[in-house]
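Each remark here refers to the structure printed beneath this line.
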Amino acid sequence: MATIESFAGAMTDIGPMYPFVGTEMLMVIVVGAFWIVWHILQLRAESREFEEDLARLRSKDTLRKALEREG
């Protein structure tokens, strides 16, 4: 099943040990960019949701109802 019988030779004679050898830096850059974009989008979505919650809770009726329940 294994195509390599001995690691005693030079690695350049054996060839690549895994697919896409040489693209590691490109993959790191792509994943890093994706990670940053995801965080930006997540922060925007959470900020929008937070502002909607604040707007809903700032209404006078909501404040009055909350004060009546506690009193």
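Read-outs throughout are calculated quantities, based only on the coordinates presented, and are distinct from any laboratory measurement. Being a predicted model, the structure only gives us computed values, none of them experimental. Counting neighbours? That spans all protein chains shown, and the Cβs are built from the backbone with ideal geometry, glycine included.
Output the Kirkwood hydrodynamic radius of region 22-70, Cα pairs only, in Å rounded to one decimal. Across region 22-70, the inverse of the average 1/r is 13.9 Å.
Placing +1 on the Cβ of each Lys and Arg and -1 on the Cβ of each Asp and Glu in the chain, which of Ala55, Met27, Phe7 has its Cα farthest towards the positive end of the resulting dipole? Checked the options; the winner is Ala55.
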